[in-house]
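Every number in this text was worked out from the coordinates using simple rules, so none of it is lab data. As the structure is a computational prediction, the values presented were derived from the model and not from experiment. In this analysis, Cβ positions are derived from the backbone assuming ideal geometry, glycine residues included, and neighbour counts consider all displayed protein chains.
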Amino acid sequence: MAALRNLSMMIGAAVAALGSVLFIAWSRYVPGRRKRRRTGYELEYRRDQDNYLDRQILVLGLDGAGKSSIIHAISTNTTRSNSAPTHGFNTAQLLSQGLRIELLEVGGSQNLRTYWNQYLKKTHFMVFVVDSTDDIRLQLARYELHKLLEEAPHLPLMVLANKQDCRSALSISDIFSELSLHRVEGLREVSLLGTSAVYDGYGKSTSIQTVRSMLEERLQKIQESEAKTLQNNHYMTSLSREKSA
């Protein structure tokens, strides 16, 4: 029975890895067809979304950190008591002031962490979730986080210290220290927030609402900065042509 159980786990891991490769290929070569997503619940699909500017938030973290619960809370403004582990991918979409924001979670198991860096080039913001109660694996979380940051030196980062509602949760300052965020604080935009994607009596989480507002604000600033840069480039090009004439 033990051998059969191990074989089942190996097959499951292989299927998840194959799904990762297929999803990467689909993302790269058929980007225009990824307009409708499910995350275990039906997302509203709007026909007028063509006028929105696409932005992607990459949500990463070790398995069990609570990434799926956070994505659910951000995209639906509600919480749920538990979530099934993500063995592949989980996506959700929200609209905000002209932006169509895709929240893309890649599973945090060891075999899927191999593919994390494949998504860095197409994303506009990274959210890294850690389990505040899992002090044993914080060192591993730090290793995986800094490996990603080395490959994307300019990508804005938000770290979510999840499960702050638990008594055994480490403090925000301890999480900051354990993840060595001081090493990257001056090199990129970094923020660390405590979260708890659980019921507050009304089916909502105030901390998650704050996260959503901050993410929308940061993406708006990125969009404005890109628009300003584009405008300046057009101005310099026009000026150069006038001088040449």
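What does the charge count around residue 178 come to, taking other residues whose C-beta lies under 11 Å from its C-beta (Lys +1, Arg +1, Asp -1, Glu -1)? Walk me through the intermediate numbers first.
On the way: positive: 137, 142; negative: 134, 135, 174.
Neighbour charge sum, excluding residue 178 itself: -1.
Around residue 55, with a cut-off of 12 angstrom between Cβ atoms, what is the net charge of the other residues, counting Lys and Arg +1 and Asp and Glu -1?
Numbers: positive: 100, 122, 218, 221; negative: 54, 102, 216, 226.
Computed value for this residue: 0.
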**OP:** Would you kindly derive the ³J(HN,Hα) couplings of region 57-68 from the backbone phi angles with the Karplus curve 6.51 cos²θ - 1.76 cosθ + 1.60 (θ = phi - 60°), listing them in order in whole Hz, with x for Gly and Pro?
**Re:** 10, 8, 10, 10, x, 5, 4, x, 6, x, 4, 5
**OP:** Could you pull out every residue, at least 5 positions away or on a different chain, whose amide H is within less than 5 Å of the one on residue 109? Hs are placed 1.01 Å off N in the peptide plane, and Pro or chain starts have none.
**Re:** 63
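If you take every residue apart from residue 130 with its C-beta less than 12 Å away from the C-beta of residue 130, what net charge results, scoring Lys and Arg +1 and Asp and Glu -1?
On the way: positive: 67, 137, 142, 163; negative: 63, 131, 134, 135, 144, 174, 178.
Residues near residue 130 contribute -3 overall.
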**OP:** Could you check the simple spin-label distance between residue 154 and residue 209, using points 7 Å along Cα→Cβ, in nm with one decimal?
**Re:** 3.6 nm
